[in-house]
Amino acid sequence: MILHARANSVAGRPWLVWLHGFLGSGREWLPFAGEFTHWSQLWIDLPGHGGSAQILARDFADVSQRLRATLAHYGVKHYWLVGYSLGGRIAMYHACYGHADGLAGLVVEGGNPGLACKAGREQRMQSDMQWAQRLRAQPLPDVLDAWYRQPVFSDLTPLQRSELIALRGRNNPLSLAAMLEATSLARQPDLAPALRALTIPFTYLCGERDAKFRALAQARALPLRVIPAAGHNAHRENPGAFSNALREILAQADED
């Protein structure tokens, strides 16, 4: 089954294929559509989210296969993947292990490349299963409030937190729980070695105030570019700087 998506095709350059984060949808990227009008664009709803809420994924390989099928359905043969958080992790997996014929480049914003140690994976599995259980058992607004109080979101103002809770409250919590279990970081391979071996252009974007993921990118030797005046959700907090960075990345690839 293909994933729900919105497409805008123009002749010429490769497609930009946008992958959102956990709790989001393809609509999250629509504000950037006007910044890249010379590019064909595909905005995908990942399993458990948006128009794909009823699609249940088994694991990363299953999501990657559905991504391939969706690209084929829309005639996408030459493309860049742009992914945030969970979408970034799926983009990295697809680039490394997804038989990604036609992939021209990879841009990841705040996505974890994977856990290198068994103890870390076990701890993350326990945490994600607890969140999945909360999604199934507790009112969604309560779970979202707790979610956005995690340290990675510590730079959010109370207003920003409340806006996100209202926006994400449109989701189906049972679908979210299933997707969280299927794509837990504990189930993701450590992609860092394969990422460093990629021969396509790859940039890792991170908000200036996102100390955790900046340190992670540096520790794993990922090609880091910092988005100023932003935290973990850099494209939402500083969309202008995000757009400028992406335009420069694409332009550099054209020159090369």
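The values are calculated or read from the model by the stated rules, or taken from the named source; none is laboratory data. Keep in mind the model is a prediction, meaning the values are calculated, not measured. Because the Cβ atoms are built from the backbone with ideal geometry, glycine has one as well, and the counts that use them run over all protein chains shown. Note: accessible area is taken over every heavy atom of the protein model, side chains too, but ligands, DNA and RNA are not part of it. Shrake-Rupley method; radii C 1.70, N 1.55, O 1.52, S 1.80 Å.
Structure remark: mean-square fluctuation, Gaussian network model of the chain, C-alpha springs under 10 Å; the largest value among Arg220, Arg209, Arg89 belongs to Arg220.
With +1 assigned to the C-beta of every Lys and Arg and -1 to the C-beta of every Asp and Glu, and no other charges, what is the dipole magnitude of the chain about the Cα centre in debye, to the nearest 20? Intermediate values should be presented prior to the final figure.
Details: 26 positive and 22 negative charges, 91 e Å.
The calculation lands at about 440 debye.
In order along the stretch 5-10, the Karplus-derived 3J(HN,Hα) couplings, from 6.51 cos²θ - 1.76 cosθ + 1.60 at θ = phi - 60°, round to 8, 10, 10, 9, 9, 10 Hz, and Gly and Pro are given as x. Note on Val10 and Glu248: their simple-model spin labels are 2.2 nm apart, each label 7 Å out from Cα toward Cβ. Along the axis of the charge dipole computed for the stretch 83-169 (Cβ charges of +1 for Lys and Arg, -1 for Asp and Glu, origin at the Cα centre), the listed residues Ala100, Leu144, Ala166 are led at the positive end by Leu144. Taking max minus min of the alpha-carbon positions on each principal axis, the stretch 1-99 gives extents of 35, 26, 22 Å, largest first. The Rg/Rh ratio of the stretch 22-158, with Rg taken over Cα atoms and Rh as the Kirkwood radius over Cα pairs, comes to 0.97. Once divided by 2.2 N^0.38 Å, the Cα radius of gyration of the stretch 122-246 becomes 1.17. For helix 60-73, what angle does its Cα long axis make with the longest principal axis of the chain, in degrees from 0 to 90 and rounded to 10? Its long axis makes an angle of about 40 degrees. Karplus-derived 3J(HN,Hα) values for the stretch 29-35, using 6.51 cos²θ - 1.76 cosθ + 1.60 with θ = phi - 60°, are 8, 4, x, 8, 4, x, 7 Hz; glycine and proline are entered as x. Would you work out what percent of the accessible area of the stretch 106-248, with all protein chains in place, is carbon or sulfur (probe 1.4 Å)? For the stretch 106-248, the apolar C and S fraction of the accessible surface comes to 53 percent.
What accessible area per residue, rounded to a whole number of Å², is obtained for the stretch 121-223 using a probe radius of 1.4 Å? Write out the running numbers ahead of the final one.
Details: 5270 Å² over 103 residues.
With the other protein chains kept in place, the stretch 121-223 gives 51 Å² per residue.
Charge dipole of the stretch 1-119 (Cα centre as origin; +1 on each Lys and Arg Cβ, -1 on each Asp and Glu Cβ, all else neutral): 160 debye, rounded to the nearest 20. Once backbone amide H atoms are built at 1.01 Å from N, Gly111 has Ser85 as its partners under 5 Å, excluding neighbours fewer than 5 places away on the same chain.
Placing a pseudo-label 7 Å from each Cα along the Cα-to-Cβ vector at Arg187 and Asn172 gives an inter-label distance of 1.7 nm. Charge tally for Val143 (other residues, Cβ to Cβ under 15 Å; Lys, Arg +1; Asp, Glu -1): +2. The mean accessible area for residues of the stretch 1-76, using a 1.4 Å probe and ignoring ligands and nucleic acids, is 40 Å² per residue. Ser154 exposes around 90 Å² of accessible area when a 1.4 Å probe is run over every protein chain in place. Computed about its Cα centre, the charge dipole of the stretch 89-226 is approximately 200 debye, with only Lys, Arg, Asp and Glu carrying charge at their Cβ. For the chain, the mean residue ellipticity at 222 nm estimated from helices alone is -13000 deg cm²/dmol, where every DSSP H run of n ≥ 4 contributes -39500 (n - 2.57) and the total is divided by all residues, rounded to the nearest 500. Between Phe22, Phe153, Phe60, the Gaussian network model of the chain with springs among Cα atoms under 10 angstrom shows the greatest mean-square fluctuation at Phe153. With all protein chains in place and a 1.4 Å probe, the accessible surface of the stretch 1-77 carries 51 percent carbon and sulfur. Sequentially through the stretch 39-44, phi angles give Karplus couplings (6.51, -1.76, 1.60; θ = phi - 60°) of 10, 5, 9, 10, 9, 9 Hz, Gly and Pro residues having no value and appearing as x.
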